[in-house]
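Step one of this worksheet: look at the structure below.
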């Protein structure tokens, strides 16, 4: 997803690194402060990521401003979709009190943006954490005697007010319709990056035709919600519509179907996974071990597994005691019956429907868990076996049994033929992912 940003020193390199989980090396090769906007900047750590970086609009200098405007216009609606500028981030550092937030070049660019409403442009105010810190530094001695939590709350509250005066009002004076976001790359402000990504995603989805928003959601590595949305959309387009009939799988074995689903879902999350841990045999077997538990009818479970033991909770037919779930999964392997069962050509049966639903939901929610587990780590966050195993264990110990129970309850409410005719299995998949994902949409800005 191409981006343009402004001014060296405003924190744009750190912003790009954290938003797309890449290393500063991607921009380190350029001479400080000098960038060629026509040059694509890419990273092996995130192959979906493409950046076009401007030099910035120095006071009194108009050449680069014209160069940026010409570049944007040359990558407009008449250009092939893959070569267009899909979104612009104009990065401006939050100023000190009394400082000017926009230079003349910035204001001219914002006026240009106002005339190009079809292009998603976001004004990104960087280093918001420093404004919060300044609010704390200016507190009275009496205020500093408060608890740390109260100090943080008061600092953030005053910073929000100051931000309105320093940044929002000047922006509205230039153009009150331009979207904006305040960000910080400090760990406790991770939500600000997610908010920026979600804002940008919404603009891209509304302004750029086709599936560009899905690709951009895959490229970003800061918003779990955007990842979930893209994963759902990929699934809806390729598998979920008509999940019970699954015309896409005609003539394939169930094992081949599961392998295809696995790669497509993991690819949509776009982790930094050079060791291919997510598509390796071990992890695919782990997801199959989960999916096999929801596939058989309760009456056939004994014939599928040598000993039910504690795994009855994971199967979704016993009382759910989640504390016993994780050890239970670790103690079982792939059932010989299951291995033989998925080796046959895909058929329209209730067992197949439950297996596909379980595989899609289990894998998506584990990806969500892994994403949030690795998010606090400094970029480029290369995946490790330990991180993958921990995400699997956390999901298994928390929600797997509940998810499997709901899949069984859904399948038991009506006949398979009715599910097939109504074509609504995909809605249950979407519902389960929405219900059990770890994104907290009501979360507040983290405190300092």
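The values are calculated or read from the model by the stated rules, or taken from the named source; none is laboratory data. This structure is a prediction, so every number in the text was calculated from the model and none was measured. Every residue, glycine as well, gets a Cβ built from its backbone with ideal geometry; the counts of neighbours run over all protein chains shown.
Where residues in region 24-36 are in a loop (DSSP other than H, G, I, E, B) and surrounded by 12 or more Cβ atoms within 10 Å (Cβ to Cβ), which of them is modelled with the lowest pLDDT? Explain how you work it out, then say what you get.
The first filter runs over region 24-36 and keeps only residues in a loop (DSSP other than H, G, I, E, B), leaving 24, 29-36.
From the residues that got through so far, the ones that are surrounded by 12 or more Cβ atoms within 10 Å (Cβ to Cβ) too are 24, 30, 35-36.
Values: 24: 58, 30: 45, 35: 68, 36: 77.
The extreme case among them is 30.
Here residue 137 meets the list (1) within 27 Å of residue 13 (Cβ to Cβ); (2) surrounded by 13 or more Cβ atoms within 10 Å (Cβ to Cβ) almost entirely, failing just condition (2).
All conditions in (1) assigned to a helix (DSSP H, G or I); (2) buried (at least 20 other Cβ atoms within 10 Å of the Cβ); (3) touching a helix residue (DSSP H, G or I) at 6+ places or on another chain (Cβ under 6 Å) hold for residue 352, with the sole exception of (3). Scanning region 104-115 for residues that are in contact with a strand residue (DSSP E or B) (Cβ under 9 Å, 6 or more places away or on another chain) and either under 20 Å from residue 11 (Cα atoms) or not in a helix (DSSP H, G or I) (or both) gives 106, 109, 110.
Kindly indicate whether residue 200 is in contact with a strand residue (DSSP E or B) (Cβ under 9 Å, 6 or more places away or on another chain), over 19 Å from residue 101 (Cβ atoms), assigned to a helix (DSSP H, G or I) and not assigned by TED's automatic domain parsing to the domain that holds residue 372. Lay out the reasoning, then the answer.
On the way: in contact with a strand residue (DSSP E or B) (Cβ under 9 Å, 6 or more places away or on another chain): yes; over 19 Å from residue 101 (Cβ atoms): yes; assigned to a helix (DSSP H, G or I): yes; not assigned by TED's automatic domain parsing to the domain that holds residue 372: yes.
Taking the combined requirement at face value, the residue satisfies it.
Restricting region 386-398 to residues that are surrounded by 20 or more Cβ atoms within 10 Å (Cβ to Cβ) and touching a residue at least 60 places away in the same chain (Cβ under 8 Å) leaves a set whose member that is nearest to residue 276 (Cα to Cα) is 388. Would you call residue 6 surrounded by 13 or more Cβ atoms within 10 Å (Cβ to Cβ) and either modelled with pLDDT of 75 or more or closer than 22 Å to residue 187 by Cβ (or both)? No; evaluated as a whole, the condition is false for this residue.
Every condition in (1) surrounded by fewer than 22 Cβ atoms within 10 Å (Cβ to Cβ); (2) at pLDDT 90 or above is met by residue 402 except one, and the failing one is (2). Can you find, within region 287-346, the residue that is modelled with the highest pLDDT among those that are surrounded by 19 or more Cβ atoms within 10 Å (Cβ to Cβ) and in contact with a strand residue (DSSP E or B) (Cβ under 8 Å, 6 or more places away or on another chain)? Taking the candidates together, the pick is 342.
Residue under question is residue 127, and the condition is that it be under 30 Å from the mean Cα position of the chain (by Cα), surrounded by 15 or more Cβ atoms within 10 Å (Cβ to Cβ) and on the phi > 0 side of the Ramachandran plot; does it hold? Steps first, answer last, please.
Working: under 30 Å from the mean Cα position of the chain (by Cα): yes; surrounded by 15 or more Cβ atoms within 10 Å (Cβ to Cβ): yes; on the phi > 0 side of the Ramachandran plot: yes.
Here the answer is yes, as residue 127 does meet what is asked.
Filtering region 418-448 to residues that are surrounded by fewer than 13 Cβ atoms within 10 Å (Cβ to Cβ), at pLDDT below 65 and not in a loop (DSSP other than H, G, I, E, B) leaves 421, 422. In the set (1) within 25 Å of residue 185 (Cα to Cα); (2) touching a helix residue (DSSP H, G or I) at 6+ places or on another chain (Cβ under 7 Å); (3) touching a residue at least 24 places away in the same chain (Cβ under 8 Å), residue 151 fails one condition alone, (3). For residue 21, the requirement of being crowded, with 21+ Cβ neighbours inside 10 Å, at pLDDT 80 or above and at positive phi is met.
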